[in-house]
């Protein structure tokens, strides 16, 4: 039986709750897991989706009505340049249980394709992805390069406590 995926741009409370559960999973797997997941900070993030849907978007992929991945992006200008609209991806997450499977690949491709379409529709000229969570770094890099993204630099971290 073929796996049917459904992708939606989050706009109602049920969908925002679906992103919440995956954001918790993302946090647990991420480089920042030594900190405590903050429902208050998540609510701030969710409010951007509610209040500014023209600039903030979260796509969710469902498989058999179960949320299995999401991508969250912001449309804005370059930090030190004018007239350049950029879509910046803050989160890209596919559930760990499916991440390394054919289904996980389909979810990832679906998220990126919808992001590209949404970004073009918002007038963005470029998409920037920031992978700073420390999850599947090499696989993510290889995957994004296959989709046409180029590597621009790197992220570094040093514990200073």
Q. Where does the chain land at 222 nm, in deg cm²/dmol rounded to the nearest 500, when only DSSP H runs of n ≥ 4 count, each adding -39500 (n - 2.57), divided by all residues?
A. -12000 deg cm²/dmol
Q) When a footprinting reagent is the concern and you count Cβ atoms within 10 Å, what order do 113, 99 take, fewest first? A) 113, 99
Q | Exposure proxy order (Cβ contacts within 10 Å, fewest to most) of 120, 95 | A | 120, 95
Q) Relative to a virtual label point 7 Å from the Cα of residue 37 in the Cα→beta-carbon direction, which members of segment 93-125 show backbone nitrogen distances below 19 Å? A) 93-99
Q | Among [x] 136; [y] 113; [z] 211, the entry that matches volume of the Cα convex hull per residue in Å³ as calculated here | A | [x]
Q. Under a plain spin-label model, where a point goes 7 Å from the Cα along Cα-to-Cβ, how far apart in nm are residue 122 and residue 8?
A. 2.0 nm
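Arranged by the count of other C-beta atoms within 10 angstrom, fewest first, what order do 18, 25 take?
So the residues, fewest neighbours to most, are 25, 18.
Any read-out appearing in this document is the output of simple, stated calculations on the displayed coordinates, not a laboratory observation. Bear in mind the structure is a predicted one, so any value in this text is a computation, not a measurement. Please note: Cβ atoms are built from the backbone with ideal geometry, for glycine as well, and neighbour counts cover all protein chains shown.
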